[in-house]
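**Student:** Dropping the structure in here first, questions after.
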Amino acid sequence: MDIQKSVSLFQEAQTLFPGGVNSPVRAFRAVGGQPLFIARGEGPYLFDVDGNRYIDYVLSWGPLITGHAHPDVVKAIQEAALQGTSYGAPSPLEIELAKSIMEFMPNIEMLRFVNSGTEATMSALRLARAYTKREKIIKFDGCYHGHADMLLVQAGSGVATLGLPDSPGVPSAAASDTLVAQFNDLETVDALFKKYPGRIAGIIVEPVAGNMGVVPPRPGFLQGLRSLATQHETVLIFDEVMTGFRVHKGGAQTLYNIKPDLTTLGKVIGGGLPVGAYGGKREIMQMVAPLGPMYQAGTLSGNPLAMSAGLAALELIRGDEVWRKLEQAAAKLEAGISSAAKHAGIPIQQTRVGTMFTTFFSETKPVDWNTVKVADKIRFGKFFQKMLENGVYLAPSQFEAGFISTMHTDEVIDATIATAELALKAL
Ligand SMILES: *Cc1c(COP(=O)(O)O)cnc(C)c1O
């Protein structure tokens, strides 16, 4: 595989950007080698600057559920751009996208658009604190909610991959109100409520963990969080930035039939452009300025290009037939990798919920960060390289989710399974 152009671009990029990248997870630090520079994407494929083609299971880290450069999404962006790229005033597109999201997720009675998942979670927590007049929050070990100070505590893949337990630069005061419980373990949550009675503003959780690799919730876990939050008058926040429109068209809250108080969104709802949103119960959302006292703003929030791209993407995944096919493709991939590993005699734990999956090189069933982190990173790195050399682009870390799109046809999945068979045998 010739990657000469990527090699020289990476050399230049390292003089311009820390580590040569504009988001650390892109840097291939955990798997060795160096990042590829991408020239373009088309459907399920990425093409690097040297002309190599890859089947893409990163999909921009989740957003591209309709694949790269879907003609409907591209057209929506082009048409929107002709009308101007930003107004700093309301446009009808915001109403359309909000209504579309609310049809998928009826628990969202009112929402606010922002520009990234990080902004969404940061704002939702500020709101939970404003609403409850309390300061402490509970998050889960291994869950990632963006890079806001108070959330950069035991935060999963990106941080774990680099071996930074916490980030320097986060003031201890900012993190001191962040309490950490174990995913899938209600007792650790209950213990925090007992230790800090009447002081916990919110619980934030990835309802299906995706940022330590895919870890599904145990039966009863999410329901238990709902009960504890209700009992203690604490705001339950489902961070569905990744799982929204990924594990089910109505997100994890629909799949597991749990009603969070607030939901944070991002990724898919922007159709590949930068967007986030937070929303939920009207009574809580009424606290947000200018209706209420909790301040939160954004120069480019509700951007017409992003709204248009999001609308086009959601339109494409509205039908049940699309979801039947997505589920079928994802299940086929899951089964194919599992049986390839069995044939090769390599112990793996294959997890999947909807269109999100992870292959853990481990003999331990992943249920929380402690059971996830024992996975064999070296072996994953070798698998990753073999897959890449043979034209399959996986996330460059053991502790990430893989994603499929509506463009991952039977043919594409079959080719991937064949490549996985070769790669696993070669380990
Ligand atoms: C990606 C992600 C975020 C952060 O979103 P950005 O747009 O990268 O700021 C927050 N929460 C979850 C669950 C995510 O997967």
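**Student:** Run the reach check for residue 195 against lysines, Cα to Cα strictly under 26 Å, same-chain hits fewer than 8 apart removed. What comes back?
**Tutor:** Straight-line reach from residue 195, under 26 Å: 133, 136, 139, 259.
**Student:** Please rank 256, 278, 131, fewest neighbouring Cβ atoms within 10 Å first, as an exposure proxy.
**Tutor:** By the 10 Å Cβ count, ascending, the order reads 256, 131, 278.
**Student:** Calculate the dipole size of the chain relative to its Cα centre from +1 charges on Lys and Arg beta carbons and -1 charges on Asp and Glu beta carbons; express the result in debye to the nearest 20.
**Tutor:** The calculation lands at about 740 debye.
**Student:** Quick check: Cα centre of segment 193-212 to Cα centre of segment 98-135, how many Å?
**Tutor:** About 16 Å separates the Cα centre of segment 193-212 from the one of segment 98-135.
**Student:** Quote the FRET efficiency, to the nearest 0.05, computed for residue 39 versus residue 74 with a Förster distance R0 of 22 Å and r equal to the Cβ-Cβ distance.
**Tutor:** My answer for the efficiency is 0.85.
**Student:** Could you calculate the contour length gain from residue 96 to residue 414, that is, 0.36 nm times the residue separation minus the distance between their Cα atoms, to one decimal place in nm?
**Tutor:** Answer, rounded to one decimal: 110.7 nm.
**Student:** Run the Debye formula on the Cα coordinates of segment 268-352, all scatterers equal and no solvent, and tell me log10 I(q)/I(0) at q = 0.11, 0.19, 0.23, 0.26 1/Å.
**Tutor:** Rounded to two decimals, the profile gives -0.59, -0.94, -1.07, -1.16.
**Student:** Right, another one. Given the C-alpha atoms of segment 202-265, compute the convex hull and give its volume per residue in Å³.
**Tutor:** 71 Å³
**Student:** Also, quick follow-up: Can you work out D for segment 163-285 in µm² s⁻¹ from Stokes-Einstein, where Rh is the Kirkwood radius over C-alpha pairs, the temperature is 20 °C and the viscosity is 1.002 mPa s?
**Tutor:** My calculation gives 137 µm²/s for D.
**Student:** Something else about it: Taking the Cα centre of the chain as the origin and placing charges on Cβ (Lys, Arg +1; Asp, Glu -1), which of 91, 178, 396 is farthest toward the positive end of the dipole?
**Tutor:** Looking along the dipole axis, the top candidate is 178.
**Student:** Taking the Cα centre of segment 216-337 as the origin, how large is its charge dipole in debye, to the nearest 20, when only Lys and Arg (+1) and Asp and Glu (-1) carry charge on their Cβ atoms?
**Tutor:** Roughly 180 debye, rounded to the nearest 20.
**Student:** Still on this structure: Ranked by Cβ crowding within 10 angstrom, fewest neighbours first, how are 196, 144 ordered?
**Tutor:** Least crowded to most crowded, the residues run 196, 144.
**Student:** Here's something else I'd like to know. Run down the lysines and flag those whose C-alpha is under 18 Å from the C-alpha of residue 425, throwing out any fewer than 8 positions away in its chain.
**Tutor:** Hits, sequence-local ones excluded: 342, 377, 382, 386.
**Student:** Throw me the Rg/Rh for segment 364-427, computed over C-alpha atoms with Kirkwood Rh, two decimals.
**Tutor:** Ratio of gyration radius to Kirkwood radius for segment 364-427: 1.00.
**Student:** Moving on to the next point. Size of the chain along its principal axes in angstrom, Cα-based, largest extent first?
**Tutor:** 57, 53, 47
**Student:** As I understand it, the dipole of the chain uses +1 on the Cβ of Lys and Arg and -1 on the Cβ of Asp and Glu, about the Cα centre. Which of 258, 331, 220 lies farthest toward its positive end?
**Tutor:** 220
**Student:** Hey, another quick one. Among 172-179, 349-356, what's the highest-first ranking by average C-beta atoms within 10 angstrom per residue?
**Tutor:** Peptide ranking by packing, descending: 349-356, 172-179.
**Student:** How compact and how long is segment 1-116, expressed as Rg and Dmax of its alpha-carbon atoms in Å?
**Tutor:** 18.4, 52
**Student:** If you build the convex hull over the alpha carbons only and average its shadow over all orientations, what do you get for segment 71-316? Give it in nm² to one decimal.
**Tutor:** Quarter of the Cα hull surface area: 13.0 nm².
**Student:** Still on this structure, I have one more. At a 10 Å Cβ-Cβ cut-off, how would you order 206, 109, 12, fewest neighbours first?
**Tutor:** 12, 109, 206
**Student:** Return the sequence-ordered ³J(HN,Hα) values of segment 250-258 in whole Hz as given by the Karplus equation 6.51 cos²θ - 1.76 cosθ + 1.60 applied to θ = phi - 60°, using x for Gly and Pro.
**Tutor:** Once rounded to whole Hz, the list reads x, x, 5, 5, 7, 4, 9, 6, 10.
**Student:** Once you charge only the Cβ atoms, +1 for Lys and Arg and -1 for Asp and Glu, what is the size of the charge dipole of segment 272-427 about its Cα centre, to the nearest 20 debye?
**Tutor:** 360 debye
**Student:** How much FRET efficiency would the formula 1/(1 + (r/R0)^6) give for residue 283 and residue 321, where r is the Cβ-Cβ distance and R0 is 35 Å, rounded to 0.05?
**Tutor:** Working from the Cβ atoms, E equals 0.45.
**Student:** All other residues with a Cβ under 10 Å from the Cβ of residue 212 taken together, and with Lys, Arg as +1 and Asp, Glu as -1, what is their net charge?
**Tutor:** Local net charge: -3.
Where a number appears in this text, it was derived from the coordinates with a stated rule and is not lab data. Note that the structure is a prediction, hence the values are computed from the model and not measured. Because the Cβ atoms are built from the backbone with ideal geometry, glycine has one as well, and the counts that use them run over all protein chains shown.
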